[in-house]
1. Just for segment B:50-61: of the residues that are surrounded by fewer than 24 Cβ atoms within 10 Å (Cβ to Cβ) and assigned to a strand (DSSP E or B), which one is farthest from the other protein chains (Cβ to nearest Cβ)?
2. Using the structure shown, decide if A:L77 is outside any helix (DSSP H, G or I), among the aliphatic types (A, V, I, L, M) and in contact with a strand residue (DSSP E or B) (Cβ under 7 Å, 6 or more places away or on another chain).
3. When segment A:229-248 is examined, which residues are found to be among the polar types (S, T, N, Q) and either under 20 Å from the mean Cα position of the chain (by Cα) or assigned to a loop (DSSP other than H, G, I, E, B) (or both)?
4. Within segment A:10-36, can you find the residues that are hydrophobic (A, V, I, L, M, F, W, C) and at pLDDT below 90?
5. For A:G29, only one of the following conditions fails: (1) more than 14 Å from every other protein chain (Cβ to nearest Cβ); (2) in contact with a helix residue (DSSP H, G or I) (Cβ under 9 Å, 6 or more places away or on another chain). What is its number?
6. In segment B:9-49, which residues are part of a strand (DSSP E or B), touching a strand residue (DSSP E or B) at 6+ places or on another chain (Cβ under 8 Å), without any contact (Cβ under 8 Å) to a residue 40 or more places away in the chain and not aliphatic (A, V, I, L, M)?
7. Test of understanding: among B:G75, B:G103, which residue is surrounded by 24 or more Cβ atoms within 10 Å (Cβ to Cβ) and within 13 Å of the chain's Cα centre (by Cα)?
8. Hey, among A:I234, A:I200, A:I225, A:I255, which residue is surrounded by fewer than 17 Cβ atoms within 10 Å (Cβ to Cβ) and among the β-branched types (V, I, T)?
Amino acid sequence: MEKITFVYPQNQQEVLSYLDKNALLYAGGTSIFKRKLDRFDFIVDLSSLNNKAINVKGKGLELESGVSIAQLRKLKLDIPHKELIQQLGLDTASTPLRNQITIGGSIVQCPYWSNFPVYLVAMDASLTLNDVNGDQTELSMSEYYADQQKYKKYYLSKITIPETYGNYESSYFCFKETHFDYSTLNYVLLYNKDKSDYRIVLGAFTRFPYQLTELENLLKEKKKISEKDIESTIDKIQDSIRNDIRFTKEYRLDILKRQLISDLKELEVIA
Amino acid sequence: MKIKSIINGKEVEMEVSPTEKLVDVLRRYGYKSVKKGCDNGDCGSCSILMDGELVTSCTILAPRAHNKTIMTVEGLGTKTKPHAIQEAYVESATVQCGYCIPGSILATKALLDENPDPTEGEIKEALDGNLCRCTGYVKRITAVQDAAKRMREES
């Protein structure tokens with residue numbers, strides 16, 4: 001007799017009813033095979049919800065958590081950062097995997113090859129999470145990643161990007177050793193037209209997207225900074241920089257400093 | 001548990017385990033064109049079309065295929081009546097060991113269904129999930145361009 005029940009929920013309420021059970025929420029599923037599936041009592045197939053809507057709300061954007069990376073890669077809406085979104089999609093995995101990977105799954109699992117969580121943090125995106133009672137919690141992505149363990153038994157239903165994201169220009173750095181190597185080192189750099197406001201968020205340099213708030217504030221206050229300013233703010237976050245078989249901490253730090261200096265020189269904000 | 005899918009135009013009922021991979025189920029039910037390469041979503045040998053979308057069947061739990069339409073290369077054409085894509089692949093000499101070919105052909109089908117006249121860049125992107133250790137990919141691009149031309153002429 002099979003121990004595990006595979007569930008095809010027809011609505012969000014049904015999904016929520018499994019949150020306090022020993023259940024696996026199965027979104028795109030491209031990373032579930034790293035887990036021991038037979039320890040779950042239920043596998044809840046979120047694709048049954050068909051929650052794939054991308055809505056423009058005023059000048060902001062709202063994504064249901066089932067939106068796939070392929071949808072973002074092929075985005076046809078005339079919205080700010082469309083090219084950046086499409087580039088992020090292209091840099092994520094390959095065509096068949098992009099058809100399966102969901103934005104909700106990317107945010108919750110946040111594997112090292114994920115680009116969109118980094119971008120969404122930089123966009124000041126917020127998440128709508130639902131608990132087993134149906135109560136909603138809205139929080140910023142930074143808050144979510146700061147305390148992700150707390151939200152393990154919540155269902156992520158929606159991602160909201162505020163209107164202000166349209167005020168920013170964008171730059172995106174992604175370093176890959178080979179085309180087929182998904183061990184990327186990436187960050188998103190956003191700035192407004194008069195360079196009075198910045199968002200700099202690291203991707204696979206750290207375990208979760210990491211916002212370089214100190215560097216952002218330095219740029220806002222001083223207008224022009226030195227290479228030494230960049231190097232010393234990066235040195236302060238050394239403990240958060242990953243060290244693994246793909247790239248050592250020293251290598252990551254070196255790449256990060258060089259590329260940030262290069263990008264900020266292009267923006268003419270280095271004294 | 002039992003699931004029902006439409007595979008290559010026919011309704012098929014299959015007995016699956018909740019944690020079984022779709023690639024294993026399809027092969028167990030005789031769809032041997034669906035190859036197991038990396039078993040990890042990286043090589044594309046196990047690619048199928050599910051509801052018209054190219055997916056890697058080794059990263060999908062079999063129950064997800066319930067009430068879905070699946071195409072494998074067996075459903076595309078036959079030896080006596082091959083599809084234009086199969087003809088193009090054979091005639092462009094892009095087949096060496098053949099292991100990556102079923103997945104590549106379905107990736108080509110997915111591309112040409114959406115974009116009948118793709119650029120070289122679009123071809124490379126559409127097939128970026130189908131790795132080939134034999135050929136170096138150049139002839140595969142030629143095959144897709146040839147297939148696109150044949151399909152445009154047919155329609």
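1. Once the filter is applied, the top-ranked residue is B:M50.
2. When the stated conditions are applied, A:L77 passes them.
3. A:S240, A:N243, A:T248
4. Residues satisfying the conditions are A:I32, A:F33.
5. For A:G29, the exception is condition (1).
6. Step one: of segment B:9-49, the residues part of a strand (DSSP E or B) are B:10-15, B:21, B:47-49.
Right, trim to touching a strand residue (DSSP E or B) at 6+ places or on another chain (Cβ under 8 Å) and you get B:11-15, B:21, B:47-49.
Filter again for without any contact (Cβ under 8 Å) to a residue 40 or more places away in the chain, leaving B:11-13, B:15.
B:E11, B:E13, B:E15 - these are the residues of segment B:9-49 that are part of a strand (DSSP E or B), touching a strand residue (DSSP E or B) at 6+ places or on another chain (Cβ under 8 Å), without any contact (Cβ under 8 Å) to a residue 40 or more places away in the chain and not aliphatic (A, V, I, L, M).
7. Exactly one residue qualifies, and that residue is B:G103.
8. After ruling out the rest, the residue left standing is A:I255.
The values are calculated or read from the model by the stated rules, or taken from the named source; none is laboratory data. Everything numeric here is computed off the predicted structure, so don't read it as measured data. When we count neighbours, we look across all protein chains shown, and the Cβ atoms used for this are built from the backbone with ideal geometry, even at glycine.
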